[in-house]
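Q: Structure below; questions to follow.
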Amino acid sequence: MQIAAMTFRLYAPWVHSLKEKRMIVKSLIAQLQNRFHVSAAETDEQDTHTILVIGIAAIVPHHALADSLMDSISGFVETATEAEILEETREIR
């Protein structure tokens with residue numbers, strides 16, 4: 001059993017308030033949890049309007065499934081939000 005962990009740093013220049021950012025983050029997290037059955041949360045930059053940092057973790061039985069899951073999540077994040085992906089980190093433990 002292994003843990004697949006990902007972090008996305010997104011840039012959303014049209015966001016002008018923390019309330020607006022919170023709506024985007026909550027929606028994206030809910031979609032990730034429902035679609036991929038992973039744990040997801042906003043992990044950093046909570047006070048910055050235009051930067052969203054989402055951490056994702058999942059328990060997987062083997063390395064190949066972890067890679068496949070992370071590729072699927074990455075593709076989903078690209079299409080699910082208009083925010084630009086500044087950075088994506090992946091780790092398998």
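Q: Report, by residue number, each residue of segment 1-45 that is under 14 Å from the mean Cα position of the chain (by Cα), within 24 Å of Arg93 (Cα to Cα) and part of a loop (DSSP other than H, G, I, E, B).
A: His37, Val38
Q: Name the single residue that is surrounded by the most Cβ atoms within 10 Å (Cβ to Cβ) among those in segment 54-78 being in contact with a helix residue (DSSP H, G or I) (Cβ under 9 Å, 6 or more places away or on another chain) and within 23 Å of Trp14 (Cβ to Cβ).
A: Residues of segment 54-78 that are in contact with a helix residue (DSSP H, G or I) (Cβ under 9 Å, 6 or more places away or on another chain), as a first pass: 54, 56, 58, 60, 69, 72-73, 76-77.
If we keep only those that are within 23 Å of Trp14 (Cβ to Cβ) too, we end up with 54, 76-77.
Numbers: Ile54: 22, Phe76: 15, Val77: 20.
Only one residue fits best here, namely Ile54.
Q: Quick check on my filter: what residues within segment 1-28 are aliphatic (A, V, I, L, M) and in contact (Cβ under 8 Å) with a residue 60 or more places away in the chain?
A: Narrowing segment 1-28 to residues aliphatic (A, V, I, L, M): 1, 3-6, 10, 12, 15, 18, 23-25, 28.
Of everything in segment 1-28, those that are aliphatic (A, V, I, L, M) and in contact (Cβ under 8 Å) with a residue 60 or more places away in the chain turn out to be Met1, Ile3, Ala4, Ala5, Met6, Leu10, Ala12.
Q: When only residues in segment 23-41 that are open to solvent by less than 50 Å² (accessible area, probe 1.4 Å) and touching a helix residue (DSSP H, G or I) at 6+ places or on another chain (Cβ under 9 Å) count, which is farthest from Glu82 (Cα to Cα)?
A: Step one: of segment 23-41, the residues open to solvent by less than 50 Å² (accessible area, probe 1.4 Å) are 24-25, 28-30, 32, 36, 38, 40-41.
Subset that is touching a helix residue (DSSP H, G or I) at 6+ places or on another chain (Cβ under 9 Å): 28, 32, 36, 38, 40-41.
Numbers: Leu28: 11, Leu32: 15, Phe36: 20, Val38: 22, Ala40: 19, Ala41: 19 Å.
By that ranking, first place goes to Val38.
Q: Against the condition in a loop (DSSP other than H, G, I, E, B) and polar (S, T, N, Q), how does Thr48 come out, does it pass?
A: Details: in a loop (DSSP other than H, G, I, E, B): yes; polar (S, T, N, Q): yes.
Yes: the conditions hold for Thr48.
The values are calculated or read from the model by the stated rules, or taken from the named source; none is laboratory data. Note that the structure is predicted; figures quoted are calculated from it, not measured. Note: ideal-geometry Cβ built from the backbone for every residue, glycine included; neighbour counts use all protein chains shown. These area figures cover heavy atoms from the full protein model, side chains too; ligands, DNA and RNA do not enter into them. Shrake-Rupley method; radii C 1.70, N 1.55, O 1.52, S 1.80 Å.
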